Number of protein chains: 2
Amino acid sequence: MDEFMRAAIAQAQKSLSEGGIPIGSVLVRNNQIVASGHNKRVQEQNPILHGEMDCLNNAGRIGSYKDTVIYSTLMPCYMCAGTIVQFKISKVIVGESVTFPGARAFMESHGVEVVDLNLPECIQMMEKFIAEKPELWYEDIGEL
Amino acid sequence: MDEFMRAAIAQAQKSLSEGGIPIGSVLVRNNQIVASGHNKRVQEQNPILHGEMDCLNNAGRIGSYKDTVIYSTLMPCYMCAGTIVQFKISKVIVGESVTFPGARAFMESHGVEVVDLNLPECIQMMEKFIAEKPELWYEDIGEL
């Protein structure tokens, strides 16, 4: 994997070390990291700060997103996918979609390129988390 | 209109008075306001805090959203609509969709009930804002 997915995984691990949900994200433009973030549902008691949303929050107002690529350790849910579509981020690179299929078809139907790296490291991280804290995971994806 | 849309409009007017984008939102459960919010792109330099997102942020972790109704002065964009779908909010009541058609069909295709009150007060508020600050408006909806 490239340095950007590596940075997204580091964000996920940071969240886990804080007692949070292990999903990380990085926004890239011109082959450089613009911002990074991770899920903060637990840390900030904030339901809208999924990894991708925290990353975009941290990026701030950057003008057009059309030359950006967003990395996430997990396939984006409808909240994050809707944001990617609305902001016109052109490409999404994810660590995996085995533990959560997310909204891939929705993004692709709006012209977003989606690349799934299917990384065992990401799959194992989420499988372990979901097995240990299922109630937190199902809360995070609105499955209550 | 009911007291909840009145409260959403008051949030939009508060944002306008702060130099921000005039879109407000209220989350209701059991006929009571759970939380309210407004667009904070300008106030907090935050691109993800549309009115609906700020409202859900302010609501915090409330468990299931299935008995909630979200009010917004304007039809939700894909970010906010994706969030409504993911969180399984069952009903959306909007002030208008004349100045921005938003993602109504997407929400309805996921079983969300959408009611458009088509209020002249909301239409005029947005028309005036878009005429005065078009660059801010187009930034907010990712049209750059």
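The values are calculated or read from the model by the stated rules, or taken from the named source; none is laboratory data. Values in this document were obtained by computation on a predicted structure and should not be read as measured data. Using ideal geometry, Cβ is built from the backbone for each residue, glycine included, and neighbour counts are taken over all protein chains shown. These accessible areas exclude ligands, DNA and RNA; they are computed on the full protein's heavy atoms, side chains included. Shrake-Rupley method; radii C 1.70, N 1.55, O 1.52, S 1.80 Å.
Label-point spacing at residue A:101 relative to the other copies reads 2.8 nm, in ascending order, each point sitting 7 Å out from Cα along Cα→Cβ. For chain A, averaging the sequence separation of C-alpha pairs within contact (under 8 Å, six or more residues apart) and dividing by the residue count gives a relative contact order of 18 percent. Can you tally the net charge around residue B:134? Count Lys and Arg as +1, Asp and Glu as -1, for every other residue whose Cβ sits under 13 Å from the Cβ of residue B:134. Spelling it out: positives minus negatives among the neighbours equals -4.
Please figure out what share of the DSSP beta bridges in the protein assembly as shown is antiparallel and state it in percent, rounded to the nearest 5. Intermediate values should be presented prior to the final figure.
Working: 22 of 38 bridges.
That works out to approximately 60 percent antiparallel.
Scaling the Cα radius of gyration of the range A:21-75 by the globular reference 2.2 N^0.38 Å produces a ratio of 1.10.
The mean accessible area for residues of the range A:65-144, using a 1.4 Å probe and ignoring ligands and nucleic acids, is 40 Å² per residue. Taking a ≥ b ≥ c as the square roots of the eigenvalues of the alpha carbon gyration tensor, chain B is rounded, as a/c is under 1.5.
Between B and A, roughly 2800 Å² of accessible area is buried in total, ligands, DNA and RNA not counted and the probe set to 1.4 Å. Distance from the B-onto-A rotation axis is smallest for the Cβ of the chain B residue given, in whole Å, as B:82, 1.
Each part gets one Cα centre, and for the range A:33-92 versus the range B:104-126 those centres are 25 Å apart.
Between helix A:3-17 and chain A there is an angle of about 30 degrees, using the helix long axis and the longest principal axis of the Cα atoms.
Where the only charges are on Cβ atoms (+1 Lys, Arg; -1 Asp, Glu), what is the dipole of chain A about its Cα centre, to the nearest 20 debye? Can you show the working numbers first?
Numbers: 12 positive and 18 negative charges, 98 e Å.
The dipole of chain A has a size of about 480 debye.
Label-point spacing for residue B:44 across the identical copies (point 7 Å from Cα in the Cβ direction), in nm and ascending order: 0.7.
Could you tell me the number of lysine pairs in chain B with C-alpha atoms less than 16 Å from each other, where the two lysines are 8 or more residues apart or belong to different chains?
Numbers: B:14/B:40; B:14/B:128; B:40/B:133; B:66/B:88; B:66/B:91.
Counting lysine pairs in chain B gives 5.
Ranking B:89, B:48, B:38 by how far each Cα lies toward the positive end of the dipole of chain B (charges on Cβ) leaves B:89 at the top.
In nanometres and ascending order, the distances from the residue A:63 label point to those of the other copies are 4.8 (point 7 Å from Cα along Cα→Cβ).
Packing-based ranking of A:68-77, A:88-97 yields A:68-77, A:88-97, ordered from highest to lowest mean Cβ neighbour count within 10 Å.
Using the rule -39500 (n - 2.57) for each DSSP H run of four or more residues, divided by the residues of chain A, the 222 nm mean residue ellipticity is -12000 deg cm²/dmol.
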